[in-house]
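Any read-out appearing in this document is the output of simple, stated calculations on the displayed coordinates, not a laboratory observation. In this text the structure is predicted, and so the values were computed from the model without any measurement. Methodologically, a virtual Cβ is constructed for each residue, glycine included, from the backbone with ideal geometry; neighbour enumeration extends over all protein chains shown.
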Amino acid sequence: MQQLNTSIIGNRQIPKNVDEFFEGAKEFRNLMMMYNCAIKEVTTKFDVLNDDMAVRYKRNPIEVVKSRIKNPESIVKKLIRRNLPVTLNSVSEHLNDVAGVRVICSFVDDIYRVRDIFLKQDDVTLIEEKDYIKKPKENGYRSYHMIVEVPVFFADEKVPIRVEVQFRTIAMDFWASLEHQMKYKKEISNEQEVIKRLRECAEIIAQTDLEMQRINDMINEP
């Protein structure tokens with residue numbers, strides 16, 4: 001798709017060619033629809049896995065599956081930040097996290113177990129992965145990230161679409177959600193102290209995850 005020809009009026013972009021604008025908007029909606037369908041494919045896979053493992057192992061390893069589509073403003077900002085053209089082709093070629101799925105598990109071991117079973121499916125292709133559980137970020141953030149590609153079947157074509165999948169325990173998700181809300185809500189005068197205390201909380205939560213895993217292992221010893 002050609003980049004829209006626009007002029008800037010205040011904070012708004014007004015297209016010189018209105019027909020081009022509406023055609024671009026239609027194509028953008030279609031692209032977002034395709035990402036939303038990819039999310040449905042991935043979330044359905046996790047729902048099926050959870051049901052199957054509940055029967056096999058008498059418990060659900062997945063507590064909840066969440067999903068989101070990156071909003072247009074975030075997409076544009078990310079393209080600009082990477083010095084990429086703001087076009088639909090650029091979105092599909094260069095951004096791997098437009099469609100996102102978050103899988104919240106009860107225990108750390110569940111994350112790796114569900115991850116391994118999920119990747120054994122022959123229509124799931126692993127593109128890249130980052131393990132922030134074994135190697136946390138500097139601020140204490142823990143999560144397991146991967147980019148996968150799944151085929152989505154439409155009326156007249158099959159399209160491979162990339163989805164970012166994040167695995168967290170309940171405790172990891174609690175920390176990450178609150179950290180994001182507090183840190184990015186407004187300017188922080190005592191930022192370094194906040195960063196330090198958040199990192200300390202992340203360590204406490206990580207130790208709690210480990211202890212809960214040990215307790216669960218003790219309860220379920222053969």
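Could you list His180, His145 in order of exposure, starting from the residue whose Cβ has the fewest other Cβ atoms within 10 Å?
Numbers: His180 11, His145 17.
Final ranking by Cβ density, sparse to dense: His180, His145.
Most exposed first by the Cβ proxy, i.e. fewest other Cβ within 10 Å, how do Glu157, Glu129 rank? Please report the intermediate quantities before stating the final value.
Values: Glu157 7, Glu129 13.
So the residues, fewest neighbours to most, are Glu157, Glu129.
Output wanted: per-residue J couplings in Hz (rounded whole) for segment 37-45, from phi through Karplus 6.51 cos²θ - 1.76 cosθ + 1.60, θ = phi - 60°, x for Gly and Pro.
Once rounded to whole Hz, the list reads 5, 5, 4, 4, 4, 6, 5, 5, 4.
State the volume of the convex hull built on the alpha-carbon positions of segment 63-191, expressed per residue in Å³ and rounded to an integer.
Numbers: hull volume 18.4 nm³, N = 129.
Enclosed volume per residue, from the Cα hull, is 142 Å³.
Just from the alpha-carbon atoms, what are the Rg and Dmax of segment 75-119 in angstroms?
Answer for segment 75-119, Rg first and Dmax second: 15.7, 41 Å.
Taking trypsin sites (Lys or Arg not before Pro) as candidate sites, keep only those in a DSSP loop with at most 13 other Cβ atoms within 10 Å, then name the longest stretch of the chain containing none of them. Display every interim value, and only then the final one.
On the way: sites that count: Lys16, Lys58, Arg59, Arg82, Lys120, Lys134, Lys137, Lys186.
With a cap of 13 other Cβ atoms within 10 Å, the longest stretch comes to 138-185.
Using 0.36 nm per residue, how much length does the chain from Lys196 to Glu27 gain when fully extended, once their Cα-Cα distance is taken away?
Numbers: separation 169, 0.36 × 169 = 60.84 nm, distance 4.50 nm.
Result: 56.3 nm gained on full extension.
Check each of the GluC sites (Glu not before Pro) in segment 165-222 and keep only those in coil by DSSP with at most 11 other C-beta atoms within 10 angstrom; list them in order.
Values: sites: Glu179, Glu187, Glu191, Glu193, Glu200, Glu203, Glu211; in loops: Glu187.
Hits after loop and neighbour filter: Glu187.
Please give the Cα centre distance for segment 67-81 versus segment 107-122, rounded to the nearest Å.
With segment 67-81 and segment 107-122 each reduced to a Cα centre, they are spaced 28 Å.
Once you have the Cα-Cα distance between Glu63 and Arg113, take 0.36 nm times their residue separation minus that, and quote the gain in nm to one decimal.
Answer, rounded to one decimal: 16.6 nm.
Taking the Cα atoms of the chain alone, what are Rg (to one decimal) and Dmax (as a whole number) in Å?
Rg, Dmax (Cα atoms, Å): 20.6, 71.
How long are the three semi-axes of the equivalent ellipsoid for segment 151-222, computed from the Cα gyration tensor as the root of 5 times each eigenvalue, in whole Å, largest first?
On the way: eigenvalues 226, 147, 10 Å².
The equivalent ellipsoid of segment 151-222 has semi-axes of 34, 27, 7 Å.
Please find, in a Gaussian network model of the chain (springs between Cα atoms separated by less than 10 Å), the residue of Ala25, Ala155, Ala54 whose mean-square fluctuation is greatest.
Its mean-square fluctuation being the largest, the pick is Ala155.
State log₁₀ I(q)/I(0) for segment 113-182 at q = 0.17 Å⁻¹ as given by the Debye formula over alpha-carbon point scatterers of equal weight, solvent excluded.
-0.72
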